[in-house]
Amino acid sequence: MAPGETSFLTFRLHGTIPAATGRELKAELRQAQVAGTDHRRAQKQFFARFDAVLDRAPTGPSYFENEKMAEVLAGEIMMLEETGFVVHGFAILPNHAHLVLHLPAASGLSFAKAIDLLHLRTGTNCRRLVRPKLPPEAEFWQVGWFEYEVQDEAELTRLLAYVRGNARQAGLPAWFQEWPYVNE
């Protein structure tokens, strides 16, 4: 993400997509790109399959079902605004989070450093809450994140609607859809 851009991001807890599934998804993305599929279309198709796996939660932790852990992540996301980002919206699901962020052109901020810091701070604080269940050497966040650059206002509107409706679409219970960690 470069200054002046808006991006849709998804990051997930470590171990939430089986390794074989992750390899299959990446291979499908590479095949689409080699076949000449438009880059943005290939990214959208990859994300749809990637997010569907996360929503089914076939494996791995679902720490954000715990409200205290979700509060930690929500607080850190909102702290991004205090550093100069514009948080258009976010949703925290049991094993991943979606954010729509804008990095103002004149901010002088580093997007990668901000997300790395968010991962570090939430990982450290959430680790304290699950200490008996998570050994100190275990990873909390999966390294990296999915990023998709928002092209225009219409796409921003569609992505924010997706973020707001993702818990319902994922089949999560009503209380999860109504909890305070869906922000717009």
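The helices (runs of 4 or more DSSP H) found wholly in the range 18-115 and carrying at least 2 residues that are open to solvent by 80 Å² or more (accessible area, probe 1.4 Å) and at pLDDT 85 or above occupy 19-34, 67-82. For the range 135-172, the tally of residues that are of a type in the set (Ser, Thr, Tyr) and either without any contact (Cβ under 8 Å) to a residue 24 or more places away in the chain or open to solvent by 70 Å² or more (accessible area, probe 1.4 Å) (or both) stands at 1. Scanning the range 14-63 for residues that are among the charged types (D, E, K, R) and closer than 30 Å to LEU129 by Cα, we see that the one that is farthest from the chain's Cα centre (by Cα) is ARG56.
A quick yes/no check of all residues on (1) touching a strand residue (DSSP E or B) at 6+ places or on another chain (Cβ under 6 Å); (2) among the acidic types (Asp, Glu); (3) closer than 22 Å to VAL163 by Cα:
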{"residue": "ILE77", "(1), (2), (3)": "yes, no, yes"}
{"residue": "GLU81", "(1), (2), (3)": "yes, yes, yes"}
{"residue": "PHE85", "(1), (2), (3)": "yes, no, yes"}
{"residue": "ASN95", "(1), (2), (3)": "yes, no, yes"}
{"residue": "LEU109", "(1), (2), (3)": "no, no, no"}
{"residue": "ARG128", "(1), (2), (3)": "no, no, no"}
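For the range 54-68, the criterion of being among the hydrophobic types (A, V, I, L, M, F, W, C) and free of Cβ contacts under 8 Å to residues at least 24 places away in the same chain is satisfied by no residue at all.
The values are calculated or read from the model by the stated rules, or taken from the named source; none is laboratory data. Computed from a predicted structure; not experimentally measured. In this analysis, Cβ positions are derived from the backbone assuming ideal geometry, glycine residues included, and neighbour counts consider all displayed protein chains. Keep in mind that these areas ignore ligands, DNA and RNA; they rest on the heavy atoms of the full protein, side chains included. Shrake-Rupley method; radii C 1.70, N 1.55, O 1.52, S 1.80 Å.
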